[in-house]
2 protein chains.
Amino acid sequence: MPAERTREHTVPVAAARRRRLRADHARLLADLLRHQVRTGGFPGGVLPLEDAIGSDYRVSRNTVRQALDLLRAEGLVERQPGVGTVVAGERYPHRLDRLQGLAETLREHGRVTNEVRTVGPVPAPGPVARRLRIAEHTDVLYIERRRLLNGLPLSLDLTYVPMDIGTGLLGCDLENTDVFRLLETLTGQPLGTAEITLEAVNADAHSAAVLETPHGSAVLMLERLTHLRDGRPVDLEFIRFRGDRISMSGLLHRAG
Amino acid sequence: MPAERTREHTVPVAAARRRRLRADHARLLADLLRHQVRTGGFPGGVLPLEDAIGSDYRVSRNTVRQALDLLRAEGLVERQPGVGTVVAGERYPHRLDRLQGLAETLREHGRVTNEVRTVGPVPAPGPVARRLRIAEHTDVLYIERRRLLNGLPLSLDLTYVPMDIGTGLLGCDLENTDVFRLLETLTGQPLGTAEITLEAVNADAHSAAVLETPHGSAVLMLERLTHLRDGRPVDLEFIRFRGDRISMSGLLHRAG
């Protein structure tokens, strides 16, 4: 663990400095363990004993405890009496390399089902109309879905689709099929590109209740405008993923 | 706003149903306003009056208030006496299309400075050694930086660099230069690709204090392993971005 050479000391007492040091080391250790948790690096999903982790990472038992507390607070591990610390919540990897629907990207991890909470035409609010390049207050199809993987709530999706395509969606199996696949079937044309924006936000009370997660828990918010291959924007989505159940992974290139 | 056709009713009373409806509409409205806030869609940074928003979006004043409450809770807008609701915190766009350092990607938005909290050699913990393809407990350079844009804390970065390159970094201006640029200068070779993982987590007490944000606030966590063009992994980073100050944007393609 790093020898500390901090250039700022706001609290001059030695005890506070030790606390800060331990907090730093705990975070550092938590980050390393997090990667192992996510990539199945602990056989059987059981973490080594605190002493073993401590000697592996050359940190004190208190630091190990604090690191495990951080991961517990994130819902990644939990303590099981008689067993020790075990991997609790898997984070499912959503790929950022290709434009894929949830069922497509999580295919290896199980079955995605969708609870359709709302579906029907609504007059397009200005910002929706502009992005879908339709006249303001023209009807669009609005779909609100709670999406589950193997029965566990993953995300809450708000979707807007222009009505000429949306009408076709109304007759489709929205509960078991990605909207992406349905759009390609209905238009006879593959999707092209999507502009995405990712943010971390705290779940408001209502979204938290729908996602069955505590109020204020971290949510990965994805805004996505998807175009057909011919360039027409056909699908505007606002997706709230439970932060403890999804990670987004991709490969970035230095050359543009 | 959507006509509701919910297929699940857990609370059978009409009042609760109305509350749920309003909460849904508020979230929907908040999502649309959020995009306008982020893209500078409100001239002068001042939002229209509640009544005007209500008639634009055909929702009740209560729904507008609840939507603005959601955005206030995210730190995106604030109420200013005598002015109304104004855009409060800008979220800076970090591009996901290309591998770029923070100063590079935010060039148009101001000056990035780095407070170096810790820098020095440490024995590489197992998971760091494996990912950087060096022997376990070989020294790596560990750097901990708080990064600021125009003086505002944006992120807390933990960085590991193999020592042969790290030694050179020790003599560089880490406070004013992206590590990416320094790596390219020191190795005489451009960077190639980076594997990234993005997650939303709640800030632990200590990270929150460093980032000057409330304990538990949403943090965008980026783990990134960067390679030189020849394929050698040279930079493993764990970055915590303040959720209210950064959004990640990119373009995804349907074809692989």
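The values are calculated or read from the model by the stated rules, or taken from the named source; none is laboratory data. For clarity, every value in this text was computed on a predicted model and none was experimentally measured. Neighbour counts are summed over all protein chains in view; Cβ atoms, including those assigned to glycine, are modelled from backbone coordinates with ideal geometry. Calculation scope for accessible area: heavy atoms of the full protein, side chains included, ligands and nucleic acids excluded. Shrake-Rupley method; radii C 1.70, N 1.55, O 1.52, S 1.80 Å.
Laid out as a table, the results:
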read-out: Selected residue (criterion: nearest to A:Leu141 (Cα to Cα)) from residues of region A:169-209 that are of a type in the set (Val, Ile, Thr) and in a helix (DSSP H, G or I); value: A:Val179
read-out: Matching residues in region A:30-64 - criterion: being assigned to a helix (DSSP H, G or I), open to solvent by 40 Å² or more (accessible area, probe 1.4 Å) and in contact (Cβ under 8 Å) with a residue 24 or more places away in the chain; value: A:Arg38, A:Asn62
read-out: Residue pairs meeting the criteria (Cβ under 8 Å; at least 6 apart or on separate chains; first closer than 15 Å to A:Asp204 by Cβ, in region B:205-218; second charged (D, E, K, R)); value: B:Ser217/B:Arg242; B:Ser217/B:Asp244; B:Ala218/B:Asp244
read-out: Number of the condition not met by A:Glu175 [criteria: (1) farther than 23 Å from A:Ala124 by Cα; (2) within 8 Å of chain B (Cβ to nearest Cβ); (3) touching a Ser or Thr at 6+ places or on another chain (Cβ under 8 Å)]; value: (2)
read-out: Unique residue being assigned to a loop (DSSP other than H, G, I, E, B), out of contact with any Cys (no Cβ under 8 Å at 6 or more places or on another chain) and touching a residue at least 24 places away in the same chain (Cβ under 8 Å) when the list is B:Gly75, B:Gly82, B:Gly166; value: B:Gly75
read-out: Test: residue in region B:105-120 that is acidic (Asp, Glu), open to solvent by 40 Å² or more (accessible area, probe 1.4 Å) and in a loop (DSSP other than H, G, I, E, B); value: no
read-out: Given (1) touching an Asp or Glu at 6+ places or on another chain (Cβ under 8 Å); (2) open to solvent by 10 Å² or more (accessible area, probe 1.4 Å); (3) part of a strand (DSSP E or B), number of the condition B:Thr213 does not satisfy; value: (3)
read-out: Unmet criterion (only one of (1) assigned by TED's automatic domain parsing to the domain that holds A:Leu211; (2) surrounded by 15 or more Cβ atoms within 10 Å (Cβ to Cβ); (3) under 25 Å from A:Leu198 (Cβ atoms)) for A:Leu71; value: (1)
read-out: Selected residue (criterion: nearest to the other protein chains (Cβ to nearest Cβ)) from residues of region B:236-248 that are modelled with pLDDT under 95 and open to solvent by 10 Å² or more (accessible area, probe 1.4 Å); value: B:Asp244
read-out: Criterion violated by A:Glu90 - all others in (1) open to solvent by less than 30 Å² (accessible area, probe 1.4 Å); (2) under 30 Å from B:Arg98 (Cα atoms); (3) at pLDDT below 90; (4) not aromatic (Phe, Trp, Tyr) satisfied; value: (1)
read-out: Residue count, region A:30-87 (criterion: at pLDDT below 90 and of a type in the set (Ser, Thr, Tyr)); value: 3
read-out: Any hit, region B:126-135, residues being open to solvent by 10 Å² or more (accessible area, probe 1.4 Å), in contact (Cβ under 8 Å) with a residue 12 or more places away in the chain, closer than 28 Å to B:Ala218 by Cβ and touching a strand residue (DSSP E or B) at 6+ places or on another chain (Cβ under 9 Å); value: yes
read-out: Filter pass, A:Asp173 being acidic (Asp, Glu) and open to solvent by less than 10 Å² (accessible area, probe 1.4 Å); value: no
read-out: Filter result (more than 8 Å from chain A (Cβ to nearest Cβ) and of a type in the set (Ser, Thr, Tyr)) within region B:214-232; value: B:Thr226
read-out: Complete set of residues in region B:190-204 that are within 7 Å of another protein chain (Cβ to nearest Cβ), within 17 Å of A:Asn202 (Cβ to Cβ) and open to solvent by less than 40 Å² (accessible area, probe 1.4 Å); value: B:Leu198, B:Glu199, B:Ala200, B:Val201, B:Asp204
